[in-house]
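Comments concern the structure below.
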Amino acid sequence: MKTTVAGPMVPTMARVNRVRKETHDTFTLELHPAYGQEIHHFAAGQFNMLYVFGFGEVAISISGDPTNPKPLIHTTRAVGNVTKAMAKLKTGDMIGVRGPFGSAWPVKHAEGDDVVLVAGGIGLAPLRPVIYEILANRRKYGKLILLYGTRTPSDILYRKELESWRSRLDMEVYVTVDRSSVNWQGNVGVVTTLIPKAGFDPQQTTAMICGPEIMMRYVALELQKRGVPMSSVFASMERNMKCGIGLCGHCQMGPTFICKDGPVYPYDKIRELLLKREI
Amino acid sequence: METLEPILAEHPFIKGLKPEHIQLMVGCSRNVKFEAGEFILREGYEANEFYIIRHGQVNLEIHSPKRHAVTIHTCREGDVLGWSWLFPPYLWHFDARAMELTRAIALDAKCLRGKCEKDPSLGYELAKRLAHVIEHRLQGATLQLLDLYSSTD
Amino acid sequence: MSASESAAKSKFVLRTNQIQALIDFLRERGYRTAGPTIRDCAVIYDEINNAEQIPLGVADEQEAGFYRVKKRKEAGYFSYVVGAHSWKKFLNPPRFTLWKAKMDNGEMSLVVDEPQAVPHYAFIGVRPCEIAAIAVQDRVYLDGPYVDNLYKERRSAIAIIAVNCAHPGGTCFCVSMDTGPEAKSGFDLALTEIQETNRHLFVATTGSDLGVEIAKALKLEPATPDDIADEAATIKRAAGKMGRKIDTSHINELLQRNEDHPRWNHVGDRCLNCANCTMVCPTCFCMTVEDTTDITGKTAERSRRWDSCFTIEFSHIHGGAVRTSASARYRHWMTHKLASWQDQFGVSGCVGCGRCITWCPVGIDITEEAAAIRASSRGE
C-alpha cells in the first residue's frame, strides 16, 4: 500500500538485544530487527539514525563488524536528550533505525598499506568496524596500528577488546590518557605524542582519524610531520543531522553535506574547511 | 671499557649532532638504571642530571594533599627527561617515577652546562633540540588543558 | 523532439475575459487552482477559483525592507511582482507529519494512516524567477541520492501557468541571475500581459501538451505579428527596469575566498536573525524534524517543518552551536545561496527574485553585500 510517508524517513523497528555499559557515560546497544526484517549491509564508517520513542532521533555511527552485520551494534555517549533516553533502554525495548547512511572509511583502498588508526574519546567507536574488517583480511595489509587517546583511564572504551588486540602479534595498540591518578600504569599525554614514535612507513600508510575536531587537526599535523601525504589521511566529521539523507541542510559544512558527502572525508578535501571558524 | 658514545649517537635526541659534540657529551655521561616504582626526580630537589631514556617508561607526577598524586606526562624510549637543570635555581619541578625497568644515560648537569658555555655551538644545538621538546610538551599541555573529550565540549 | 517540446513555441492570444475560462478548464481537469490574491494588504498565493480574486488594478512598491501594494487605475492583472509567498509552500508544506508510531506494552509500531490524496495544483501567475526556483528545488529534492517523495508527489502533479514580468520591482534582479523576465521553459502556458490604451490582452505561449489543450479548449486565436512584437517589446522594457543587479562572475570563488572579510561582521551587526529571508526565499529548503507524544505517552508523531540556518539551534552539536555569531550565520546563508550551492547542485541557489531584500526588517540587501565584498576582496 502506498502511504504518504517518505520512504527513507521512515524507521525500521528494532529490538534491543543487549545493553553494555562501557564507561560512566558510554554504552553499547546490540539491536535485532523486531519483525524479522533484513539488516542492511553497512560499510565501516557509516551511521544510522536511531529513534527513541517520543524523544527523537540521533545519528550514531555503527561500531559492529561489517563482515558480520548482525546484530547491529552502536556505541554512543549519553550527552543529549535522545542519547540520555537511549541510555535508559533495556533488553527487549524497541528503537527505530534508519540507515545506513554516509561515506565509508577507505578500508579497501588501504590494502597493501600500513594502517594507522588514530582515535580520540568516543571516536574509537566509528573506527572499530575498520579493525574488524582488517583483522578479517589481515594478510592484505601491512602494519595495523591503533593510537587511542582519551580523557582518563576510566573513559577507555572497549577495554577488554583493546587488551585482546594488544596481545595479538599482528596489531599494535597504544593507549594514552590526558590525565590520570598515579594508579594508572599506562601512558599519560595527548594522542598526538604517540605519532612520532609509532613504527609505520609514512609513504605506504593510510591513516584514519576520528575524534574532536581540534584533535583531528593536530593529529593530521603530526602525521604530516612524519611525512604521510595528506591524501592518505581520512577523517570522520560530526555535525547536527536531522534527515541523514542530504535534504534538511543541517549538517552542511562549507560546500559539503556531512550526511551524504561524509562523514568520512579525505583530509585534503576538508583541511581548509577545518581551519575556518564557525563554518 | 666500552664507551657510551654509540648508544648516545643513536638516540633520537642526539642523532645528527657533530661527533665532536657527542664526544663532549660522553665526557659528562653515565649509564643508569631504575627499577619499577623507583623515583628518578623529586620536586624541589637539586636538578643535577639530564636523562636520555634508552628504554622503559617514566611518568611525571605532581601531588597535592587533596588530589593525591596525578600523572601529567609519560616519557618513553627515545624521549629525554628533565629541563630544570638548564635554569637557575636548578631545582626539579615535578616528581618522575619509573613505571617499569628503565635504562637511561644521565648527563651531569654542571658538566654539560660548562661544556655548553665553553662551546656555544654545542650549546645552541642542544638548546634547539630542547626547544623542540618543550614546544611539543607545550602543545600537548594546551590540548590536555582543553579537555577535548569531556562531555561538555 | 517530443510532441510536448514541439508545441512550445506556438503563440496565441488570451483575452482578459478568458481568465475565468482558463481557471475553469484547469479545475475541470482536476487541478486545484492557486494564484496571486490580496490578503492583509499584500499579494499572496492561495487557492483561487475566480478570476476576480486576481488583483486587477494593483501594483506594488518594493525596496529593501519595504513593501506596499497600491491601487492603480492603469494597472493590469499582473502589474506587481512576487510577494512574501512562493510556490514552495504548496510543493513542500511548511509542516507535515512524516509518520506516527504507537507504543503498546513495550511494542513500538508505525501507525499507517489512510493515505491522503496528494493535491494536484495548477499554479497561475508563476513568474520566470519562480520557475527557476522550482527547477533549483527539483535538483535538491529529486536529483540527489535520496528522492524526497513528499515533494516528488506534489511536484509531478502540478500545472504551471507562467506570467512573464512587465513591471519588475525595486528589488528584482532576475536579469543578473539569468532567470527572467521571460520564462523560456518549464511552463505549460506562459502569459505576457499587453496593455495599451485600447488594448488589454495576453500573449499566451504554449509550453506543453497541456498548454496546447488549453489553447484548443479556449479556442485561442493565434497571436498576430503585432502581438508578438508587442510581447517582445514588453519583455525588453522589463529587462531594462531591474531594481537591482549583482555581478555573478566567479562569485563562488569570491565568497569562499573571503570568509574572513570584515563585511560579514558589518552585516552580522545589522542582522536580527529573524529568518525572514530564508522563509521567503523560494529555494531555501532546510527543514527540521519535531517529535511529539500525546498526553498518554502512547502515541508519538514525527513531523518535518521548514527550518532556518539563522537559528542558533540549527547547527547545534553536543556542547553548543557551530555558528554562534550572527555574522557566521549570515555568511553561511549567503555563501551557500550564491556560491557553494553551485558545488552542491550545479546551479546558483539565488534566482534574483529579491524577496530576501524586501522582507528583511532591517533592509539587508544581498546584492549590496556581494558588491561590498567584491569591492574589497582578498587576493585573487
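The values are calculated or read from the model by the stated rules, or taken from the named source; none is laboratory data. Because the structure is a prediction, the values reported are computed rather than measured. Neighbour counts run over all protein chains shown; Cβ positions are idealised from the backbone, glycine included. Only protein heavy atoms, including side chains, enter the accessible area calculation; ligands, DNA and RNA are left aside. Shrake-Rupley method; radii C 1.70, N 1.55, O 1.52, S 1.80 Å.
Phi-derived couplings, Karplus 6.51 cos²θ - 1.76 cosθ + 1.60 at θ = phi - 60°, listed residue by residue for region A:16-22: 6, 8, 6, 10, 10, 7, 8 Hz, with x used for Gly and Pro.
For n ≥ 4 DSSP H runs only, could you compute -39500 (n - 2.57) per run for chain C, divide by its residues and tell me the 222 nm figure to the nearest 500? -8000 deg cm²/dmol, from helical runs alone. Sequence-ordered 3J(HN,Hα) estimates for region B:8-14 from the Karplus curve with 6.51, -1.76 and 1.60 and θ = phi - 60° stand at 4, 4, 8, 5, x, 6, 9 Hz, glycine and proline given as x.
Return the tail of the calculated pair distribution for region C:1-101, meaning the percent of Cα-Cα pairs more than 24 Å apart. When every Cα pair of region C:1-101 is considered, 41 percent fall beyond 24 Å.
Around C:Thr224, with a cut-off of 15 angstrom between Cβ atoms, what is the net charge of the other residues, counting Lys and Arg +1 and Asp and Glu -1? Around C:Thr224, the surrounding residues sum to -3. Cross-link partners for C:Lys88 among the aspartates and glutamates, with Cα-Cα distance under 15 Å and sequence neighbours closer than 8 places in the same chain left out: C:Asp46, C:Glu47, C:Glu130, C:Asp138, C:Asp148, C:Glu153, C:Asp307. If you take all other residues with their beta carbon under 9 Å from the beta carbon of A:Gly244, and give Lys and Arg +1 and Asp and Glu -1, the sum is +2.
Translational diffusion coefficient of region A:50-189 (Stokes-Einstein, Kirkwood radius from Cα pairs, 37 °C, 0.692 mPa s): 197 µm²/s.
The GluC sites (Glu not before Pro) of region C:53-143 that meet both conditions, a loop assignment by DSSP and at most 12 other Cβ atoms within 10 Å of the site Cβ, are C:Glu74. When region A:147-279 is described by a simple charge dipole with +1 on each Lys and Arg Cβ and -1 on each Asp and Glu Cβ, the residue from A:Gly254, A:Val190, A:Tyr218 located farthest towards its positive end is A:Gly254. Scanning residues 5 or more positions from A:Met208 or on other chains, those with amide H under 5 Å from its amide H are A:Val116, A:Leu117, A:Val118, A:Phe234, with H placed 1.01 Å from N in the peptide plane.
Short-range pairs are left out: with C-alpha atoms under 8 Å and at least six residues apart, the relative contact order of region B:5-143 is 31 percent. Peptide A:174-185 is shielded by partner chain Cβ atoms: per residue, an average of 5 of them sit within 10 Å of its Cβ.
Peptide B:67-74 is shielded by partner chain Cβ atoms: per residue, an average of 6 of them sit within 10 Å of its Cβ. Taking the Cα centre of the protein assembly as shown as reference, the dipole from Cβ charges on Lys and Arg (+1) and Asp and Glu (-1) amounts to some 560 debye.
Normalising the Debye intensity of region A:162-269 to I(0), with uniform scatterers on Cα atoms only, and taking log10 at q = 0.16, 0.19, 0.22 Å⁻¹ returns -0.86, -1.04, -1.17. Principal axis extents of the Cα atoms in region C:196-351, from largest to smallest and rounded to whole angstrom, are 67, 52, 31. Debye-formula intensities of region C:27-179, expressed as log10 I(q)/I(0) at q = 0.11, 0.19, 0.21 Å⁻¹, are -0.53, -1.23, -1.40 (one equal scatterer per alpha-carbon, no solvent). Taken as entire DSSP H runs, the helices of chain C never both span 24 Å or more between Cα atoms along their own long axis and average 1.6 or more on the Kyte-Doolittle scale. Within the full protein context, the accessible area of C:Thr324 is estimated at about 80 Å² for a probe radius of 1.4 Å. So how tilted is helix B:120-146 from the main axis of chain B? Cα-based, degrees 0 to 90, rounded to 10. Its long axis makes an angle of about 10 degrees.
In the assembled protein chains, A:Cys248 presents an accessible area of approximately 0 Å² (probe radius 1.4 Å). Taking the charge dipole of region B:109-151 about its Cα centre, with +1 at Lys and Arg Cβ atoms and -1 at Asp and Glu Cβ atoms, the residue from B:Cys111, B:Tyr124, B:Leu145 reaching farthest to the positive side is B:Cys111. Each Cα pair under 8 Å and six or more residues apart adds its sequence gap; the mean of these over the residue count of chain C is a relative contact order of 22 percent. Taking only the C-alpha atoms of the protein assembly as shown, Rg followed by Dmax gives 33.8, 119 Å.
With a 1.4 Å probe rolled over the protein heavy atoms of all chains, the accessible area of C:His120, C:His318 falls in the order C:His120, C:His318, largest first. Taking the square roots of five times each eigenvalue of the Cα gyration tensor of region B:5-143, the equivalent ellipsoid has semi-axes of 25, 16, 14 Å, listed largest first.
Loop-located trypsin sites (Lys or Arg not before Pro) in region C:299-330 (DSSP state not H, G, I, E or B) with no more than 11 neighbouring Cβ atoms inside 10 Å do not occur. Take B:41-47, B:61-67, B:79-85 and order them by the average number of nearby Cβ atoms within 10 Å per residue, most first; the result is B:79-85, B:41-47, B:61-67. Size descriptors for chain C, from the alpha-carbon set: Rg then Dmax equal 22.3, 75 Å. Per residue, the convex hull around the alpha carbon atoms of chain A comes to 138 Å³. The mean number of Cβ atoms from other chains found within 10 Å of a Cβ in peptide A:209-222 is 2, as a whole number.
Remark on chain B: B:Cys75, B:Cys116 stand apart, with no other cysteine beta carbon under 4.7 Å. Comparing A:Glu38, A:Glu238, A:Glu133 in a Gaussian network model of chain A (Cα springs below 10 Å), the most mobile by mean-square fluctuation is A:Glu38. Applying a DSSP loop filter and a limit of 13 other Cβ atoms within 10 Å to the chymotrypsin sites (Phe, Trp or Tyr not before Pro) in region A:1-106 leaves A:Tyr35. Here is how the number arises for chain A: DSSP H runs of 4 or more residues each give -39500 (n - 2.57), the sum is divided by the residue count, and the result at 222 nm is -5000 deg cm²/dmol.
What base-10 log of the normalised intensity I(q)/I(0) is obtained for region A:133-219 from the Debye formula, alpha carbons as equal point scatterers, at q = 0.16, 0.18 Å⁻¹? Cα-only, vacuum Debye calculation for region A:133-219: -0.70, -0.88. Working ranking of peptides A:115-127, A:80-92 by packing, defined as the average number of other Cβ atoms within 10 Å per residue, highest first, is A:115-127, A:80-92.
Along region C:250-261 the Karplus relation, 6.51 cos²θ - 1.76 cosθ + 1.60 evaluated at θ = phi - 60°, assigns HN-Hα couplings of 6, 5, 4, 4, 4, 6, 6, 7, 10, 5, 9, 4 Hz to successive residues, with x for each Gly and Pro.
Counting heavy atoms of the protein chains alone, A:Lys108 has an accessible area of about 140 Å² for a 1.4 Å probe. Rg and Dmax of region A:173-214, based on Cα coordinates, read 12.6, 38 Å.
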